[in-house]
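These notes are about the structure you will find just below.
The values are calculated or read from the model by the stated rules, or taken from the named source; none is laboratory data. Since the model is a prediction, treat every value here as computed from it, not as a measurement. Using ideal geometry, Cβ is built from the backbone for each residue, glycine included, and neighbour counts are taken over all protein chains shown.
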Amino acid sequence: MSKYKIVFSVMMFFLIREIYAQNPVIQTHYTPDPAPMVYKDRMYIYTGDDVPGFDFYYMTKWRVYSSADMVNWTDHGAPISLETFSWAMDRAWASQCIERNGKFYWYTCVQTVQNNMAIGVAVGNSPTGPFKDAIGKPLVTTGSWSNIDPTVYIDDDGQAYMYWGNSKLFYVKLNADMVSYSGDIVEVPLTVETFGGVPRQRPMPGQSNQSTQTAPTVPNKDMFVEAPWFYKHSGIYYQMFAGMEKGKECLSYSTSTGATGPWKYQGRIMVDQPTNSFTNHGGIIDFKGKSYLVYHTALLPGGGSYGRSTAIEEFKYNADGTIPNINISREGPVAVANIDPYKRTEAETIAWSAKCKTDEDDKAGVYVSEIRSGGFIKVKSVDFGTTAPKNFTASLAAGLDGGILEVYVDSVNGPKLASINLTRTGGWNKWKIFNSEITADVTGIRDLYFSFKGKNLTAGRRLFNFDYWLFKK
């Protein structure tokens, strides 16, 4: 193949990806262990925060994202971190948030100052915080490294349950206050019939007696490893979990007619998929009449087993309540709502992006940062209605020379709607409103592209920060 054909093939690959890519749904940070929650008319996803460049799961905070349409995700920052818990030392691992009586309870697992894993709970008055440590100590601490990956569900009768585990599966009945429990911690039997087999515990650095691991009962069959996700759908109780397949984790599940079992192993959900990650962890939830699997891959640039990112697939239950096999996709879910461009939209509401990240401060909240020339933000399903807009407004800040923000429709090479030549504003957090007349008519439901360009030839220079945008008729 000639060098010209190779270059053309590469260009076509990135063009196709730009048009169709939707998974992973968040590109500005690594976002492992996603836990979905529906509140009012939005889907919220609570994630971890893989720090790149390490050879283990190094995470110090948790993040929140939300969407009303399943394609554009708004970054709400990192409302809690290891510092939220005075008794925490390391490993801000998997978590889940749930609402009860107007309060939001965020269950986490961390390594304690006593050098074991424990489960804590933070509480807030909104799904995006602020949050604080609810009880000032661990909710569950038994000296075991199996105290990870909490999952919580409130049953129809008001009884709340919390399951968790690594190589072993436990549960407690939470009290109505959601920050304490009654009765003993119960260990759930793991057999071939209940969860596909007895697992070999994954070694944890610093864990003692690693040589005494239990071998799998049936090495060639699935087995419970970690990451339970407990929920109920159409009268059936489900436990999705990370099982094992060909030396890496897959997603499997068991079902029951009761919240505490007995459980029956049903098989695998996501198996033999090119996720580029040893682990898989996620949740299943319904939103606006559709069912979704939220999980993680490591398919972003620089990703891997310690750089994982949230992805989503829509699916339909079989008539008997079983879950079909689900494959990963590049496209992700379709839009279930549209964005109104005539209302303020946060710049950190993103369907796809390149060469930018997000940051936050006390004044602007979360905003798009680290913008570089050649980058862009894609926003899907923007409904302009039947009358074309006349003006475009953006809130921007630049500490140096600034750059050029251009707005396109349909693709980064589509019709240009607006252009702003941004000069320095006096600081990276000194925000200024910029306006541009619309240079092409646009109506109906379209995709928007915000393209970033530099003014000089300095490669890789930081250009500006981007807070919000809107159109005016």
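Can you pull out the residues in region 329-370 that are aliphatic (A, V, I, L, M), under 30 Å from residue 455 (Cα atoms) and in a strand (DSSP E or B)? Explain how you work it out, then say what you get.
Within region 329-370, the subset aliphatic (A, V, I, L, M) is 334-337, 339, 347, 350-351, 354, 364, 366, 368.
So of that shortlist, the ones also under 30 Å from residue 455 (Cα atoms) come out as 347, 350-351, 354, 364, 366, 368.
Once the filter is applied, which keeps residues that are aliphatic (A, V, I, L, M), under 30 Å from residue 455 (Cα atoms) and in a strand (DSSP E or B), region 329-370 yields 350, 354, 366, 368.
Could you say whether any residue in region 82-91 is in a strand (DSSP E or B) and not hydrophobic (A, V, I, L, M, F, W, C)?
Yes, that holds for at least one residue.
Which of the following residues is of a type in the set (A, V, I, L, M) and either under 19 Å from residue 241 (Cα atoms) or surrounded by fewer than 22 Cβ atoms within 10 Å (Cβ to Cβ) (or both): 98, 80?
Only one candidate qualifies: 98.
If residue 379 satisfies all but one of (1) touching a strand residue (DSSP E or B) at 6+ places or on another chain (Cβ under 7 Å); (2) in contact (Cβ under 8 Å) with a residue 60 or more places away in the chain; (3) surrounded by fewer than 14 Cβ atoms within 10 Å (Cβ to Cβ); (4) closer than 29 Å to residue 363 by Cα, what's the number of the condition it fails?
Exception for residue 379: condition (3).
It is to be established whether one or more residues within region 400-409 are at pLDDT 95 or above, within 22 Å of residue 72 (Cα to Cα) and loosely packed, with under 15 Cβ neighbours inside 10 Å.
No.
Every residue in region 286-333 that is surrounded by 17 or more Cβ atoms within 10 Å (Cβ to Cβ), over 23 Å from residue 38 (Cα atoms) and not polar (S, T, N, Q), please.
298, 299, 300, 303, 306, 307
Output the number of residues of region 10-50 satisfying the condition of being at pLDDT below 95 and either surrounded by 15 or more Cβ atoms within 10 Å (Cβ to Cβ) or assigned to a loop (DSSP other than H, G, I, E, B) (or both). Quick ask: steps written out before the conclusion?
So the first thing to find is which residues in region 10-50 are at pLDDT below 95, and the list is 10-22.
Next, from what is left, pick out any that are either surrounded by 15 or more Cβ atoms within 10 Å (Cβ to Cβ) or assigned to a loop (DSSP other than H, G, I, E, B) (or both): 18, 21-22.
So the answer is 3.
Yes/no matrix, rows are residues, columns are (1) in contact (Cβ under 8 Å) with a residue 12 or more places away in the chain; (2) of a type in the set (D, E, K, R); (3) exposed (fewer than 14 other Cβ atoms within 10 Å of the Cβ); (4) not assigned by TED's automatic domain parsing to the domain that holds residue 393:
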residue	(1), (2), (3), (4)
413	no, no, yes, no
416	yes, yes, no, no
425	yes, no, no, no
440	yes, no, yes, no
449	yes, no, no, no
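Please note which strands (runs of 3 or more DSSP E) are completely contained in region 217-328 and include at least 1 residues that are on the phi < 0 side of the Ramachandran plot and basic (Lys, Arg).
By residue number, 226-233, 248-256, 264-270, 290-297.
Under the condition of being surrounded by 19 or more Cβ atoms within 10 Å (Cβ to Cβ) and in contact with a Ser or Thr (Cβ under 6 Å, 6 or more places away or on another chain), which residue from region 354-367 is farthest from residue 80 (Cα to Cα)?
If we take residues in region 354-367 being surrounded by 19 or more Cβ atoms within 10 Å (Cβ to Cβ) and in contact with a Ser or Thr (Cβ under 6 Å, 6 or more places away or on another chain), then 358 is farthest from residue 80 (Cα to Cα).
Report the residue count in region 134-145 for those that are surrounded by fewer than 19 Cβ atoms within 10 Å (Cβ to Cβ) and either under 14 Å from residue 83 (Cα atoms) or of a type in the set (Gly, Ala, Ser) (or both).
Of the residues in that region, 4 qualify.
Which ones in region 92-121 are in contact with a Phe, Trp or Tyr (Cβ under 9 Å, 6 or more places away or on another chain), outside any strand (DSSP E or B) and either among the charged types (D, E, K, R) or at pLDDT below 95 (or both)?
113, 114, 116
Looking at region 166-199, which of its residues are in a loop (DSSP other than H, G, I, E, B) and either touching a Leu at 6+ places or on another chain (Cβ under 8 Å) or within 24 Å of residue 252 (Cα to Cα) (or both)? Steps first, answer last, please.
Keep residues of region 166-199 that are in a loop (DSSP other than H, G, I, E, B), which gives 167-168, 175-180, 189-191, 196-199.
Across region 166-199, the qualifying residues are 167, 168, 179, 180, 189, 190, 191, 196, 197, 198, 199.
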